[in-house]
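This report refers to the structure that appears directly beneath it.
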Amino acid sequence: INHIMHNGGLYKRPFNEAFEETPMLVAVLTYVGYGVLTLFGYLRDFMRQWKIEKCQNAIEREEQKDFVPLYQDFENFYNRNLYMRIRDSWNRPICSVPGAKVDMMERVSHDYNWTFTYTGRVIKDVINMGSYNYLGFAQNSGTCQEAAAKVLSRYGAGVCSSRQEMGNLDIHEELEKLVARFLGVESAMAYGMGFATNSMNIPALVGKGCLILSDELNHASLVLGARLSGATIRIFKHNNMQSLEKLLKDAIVHGQPRTRRPWKKILILVEGIYSMEGSIVRLPEVIALKKKYKSYLYLDEAHSIGALGPNGRGVVDYFGLNPEDVDVMMGTFTKSFGAAGGYIGGKKELIDYLRTHSHSAVYATSMSPPVVEQIITSMKCIMGEDGTTIGRQCVQQLAENTRYFRRRLKEMGFIIYGNEDSPVVPLMLYMPAKIGAFGREMLKRNIGVVVVGFPATPIIESRARFCLSAAHTKEMLDTALKEINEVGDLLQLKYSRHRLVPLLDRPFDETTYEETED
C-alpha cells in the first residue's frame, strides 16, 4: 500500500503500513471468551461467599487480607480471575546479559501464580525476541564494555548530586554535545530516566491556557506529562491526519472554552515508532500541518532513534527531513544504545530554558558515568567516529532482519500490524486463552517472547510483540520462525485473509475529550 500518491508528494520513499481487519468470527469468539471468564468469575465469587465453592485459588492470600485494597473493585476482580491465570507469562527473571540469547531462571508456582518458587535450574540460550536491543549494543564484551569499565574505575558508579550542584561531570557535557551533533540540532540535554524525560519536561513547556493534541496511542509517559501540565488535552485518532487537522482547525477557530481567547500554545505530541502497533508516525504530514497552523511539534523517538534511517538517526533521518522542523526532539538511550536515560534536543534557547525549569534537570541525580560512557561509545560507533563501519553495518542488519522477519510471518498466514520497516512486530493473538498459551509454548521451545493483553491493548487485540535486533543472525531468526509456525498451527493463530486495510481508511471517530477546561 503505497501512500505517495495520497499526500501531495510529501514522501520521498514508499510508506507501506497496514492493519488487517479482525475476522468477524475471531472478534465474536474473543468477546465471548472474556464474557465467559467474567461471568464464571462473578458466579464463583458469589458461591464462595455462601461457602458453596471450595476452590480458593482466585481469592487474595491470607497475609494480604490485613491490608486495605489497592485496587478498585473491578480491577481487583480482573487481577484475581483473569490476570492470575497467565501471570507466569510476565516478569520472568533473566540471569545474563540481554543480548540475542539470554539465560532464564526457571520458576514454578504452587498457589495459582500468586507466588513463585525458583527451582534452581537455568534455561540456557533462550533466543531473545523481546528486548529493545535494536542495534545489539547490550553486551558484556567489546569496545562499549571496555570503555565503560575504564570510566567506572575513574569516576565510580554514582555521582550523588544533581547537575546544578556537584554532579556536572565533563563526560556529561561531552555527551550532550555529541547528542546535539548526532541529531543535527543546536543543543541537547541528557536525563537519567527516559520516562521522566517526558513526564517532567512537558509540564515545563506548556501549562494552563495551552492546548495539547495527542495521538490516541501515545506512551504513558507522554500521557502523564500532558496531564501534569494542566493544559487542555484533545486526542486525535492514531496516525490519522484528517483527525489531527480537524482538531487544529477547531482549536484556531473556536479558541479556549468559554472565553474564546486564542490558545497560548498548541503542542502536537507524537512518537516515532509506536511500541504496541509497530507503526511509524506520518512525520512529513505532521510537519506540514504544524507549519500550516503555526503550532509546535514534540517528537518522542524512544523506539526510532538508532533503529530507523540510513544513518540510524531516527524517523527524521528515515524520511529525509530537516531536524529544525521538529521543535522538541526527545528520545531515550535505553534501547538502541543499550544504556539508560533520555535526552531532549532542539534550539539553544529551548535547552537553556529546560536546564532551569525542568524538574528532572533540577532535582534528579546526574547520570551514572559508566552509563554515559556506554552511550558515548555506542553513538560514536553509529556515527562512524570510532574509525569502523560496525555501527553502519548494525543499522543495515537491523533493517534487513526487520523486513525478512515481517515478510516470513505474513507468508505463514499470521496477522501482523505496523510498518514494514518497524523493528517492533506485533503478531495478533486475539483470544485471552491464547495469550498465556503462546508465551508458554514458545518458552518450551527456547524462544523468549513478550505477550500483551487487555488493558494494555484493546480487549479484542491481544498480541505477541517481537522486537528485532541487529544481533539476531539469520539462523536465529529461522529457528524462531520455525517454532512460531509450529505454535501458530498448534494454537490456530493463522487468521490472515490478506484483507489489508490502509491506515487512512480505518474507521474515523471525530470525538475528542478535554482533560482540563480553562
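The calculated pair-distance distribution of the stretch 382-509 uses every alpha carbon pair, bins of 5 angstrom beginning at 0, and gives 2, 10, 18, 21, 19, 13, 8, 5, 3, 1, 0 percent.
Dividing the C-alpha radius of gyration of the stretch 143-383 by 2.2 N^0.38 Å, with N its residue count, gives 1.02. With contributions of -39500 (n - 2.57) from each DSSP H run of at least four residues, the per-residue ellipticity at 222 nm computed over the chain stands at -12000 deg cm²/dmol.
For the stretch 217-360, a Kirkwood radius taken over Cα pairs fed into Stokes-Einstein (10 °C, viscosity 1.306 mPa s) yields D = 99 µm²/s. Counted over the stretch 189-229 with a bin width of 5 Å, the fraction of Cα pairs per bin, in whole percents, is 5, 26, 32, 22, 11, 3. Between the stretch 179-230 and the stretch 89-114, how many Å separate their Cα centres? The distance from the Cα centre of the stretch 179-230 to that of the stretch 89-114 comes to 33 Å.
Listed cross-link partners Lys51/Lys434; Lys101/Lys380; Lys124/Lys482; Lys12/Lys294; Lys208/Lys290 are compared with a 27 Å cut-off, the Cα-Cα value being larger for Lys51/Lys434. Working note: Karplus 6.51/-1.76/1.60 with θ = phi - 60° gives the stretch 111-121 the couplings 9, 6, 6, 6, 9, 10, 10, 7, 7, x, 8 Hz, where Gly and Pro are set to x.
Highest-first packing order for the peptide set 22-34, 232-244 is 232-244, 22-34, based on the mean count of other beta carbon atoms within 10 Å.
Each residue, Lys177 and Asp325, gets one label point 7 Å from its Cα in the Cβ direction; the gap between the two is 3.0 nm. Phi angles of the stretch 212-221 translate, via the Karplus equation with coefficients 6.51, -1.76, 1.60 and θ = phi - 60°, into HN-Hα couplings of 10, 9, 10, 4, 5, 10, 4, 5, 4, 5 Hz per residue; Gly and Pro are given as x. Could you tell me what percent of the accessible area of the chain is made up of carbon and sulfur, with a 1.4 Å probe and every protein chain present? Of all accessible area on the chain, carbon and sulfur atoms account for 55 percent.
When only Cα pairs below 8 angstrom with a gap of at least 6 residues are kept, the stretch 143-383 shows a relative contact order of 31 percent. The value of relative contact order for the chain, using C-alpha pairs under 8 Å at least six residues apart, is 21 percent.
Between Ala18 and Gly418, the built amide H atoms are under 5 Å apart, and every one of these is 5 or more places off in sequence or on another chain.
Across the chain, the fraction of Cα-Cα pairs farther apart than 37 Å, rounded to a whole number, is 34%.
In the stretch 331-375, the inverse of the mean reciprocal separation of distinct Cα atoms equals 11.6 Å; this is its Kirkwood hydrodynamic radius. Here the stretch 150-197 is treated as an ellipsoid with the same Cα gyration tensor; its semi-axes, largest first and in whole Å, are 21, 14, 10.
The mean accessible area for residues of the stretch 227-374, using a 1.4 Å probe and ignoring ligands and nucleic acids, is 35 Å² per residue. For Glu216, nonlocal amide neighbours, meaning residues 5 or more places apart or on other chains whose placed amide H falls under 5 Å from its own, are Phe236, His238, Asn239.
The aspartates and glutamates within cross-link reach of Lys348, meaning a Cα-to-Cα straight distance under 13 Å and a gap of 8 or more places when in the same chain, are Glu176, Glu186, Glu324, Asp327.
The values are calculated or read from the model by the stated rules, or taken from the named source; none is laboratory data. The structure presented is a predicted model; accordingly, all values stated were derived computationally and were not measured. All Cβ positions, even for glycine, are placed from backbone atoms using ideal geometry, and neighbour counts span all protein chains on display. Calculation scope for accessible area: heavy atoms of the full protein, side chains included, ligands and nucleic acids excluded. Shrake-Rupley method; radii C 1.70, N 1.55, O 1.52, S 1.80 Å.
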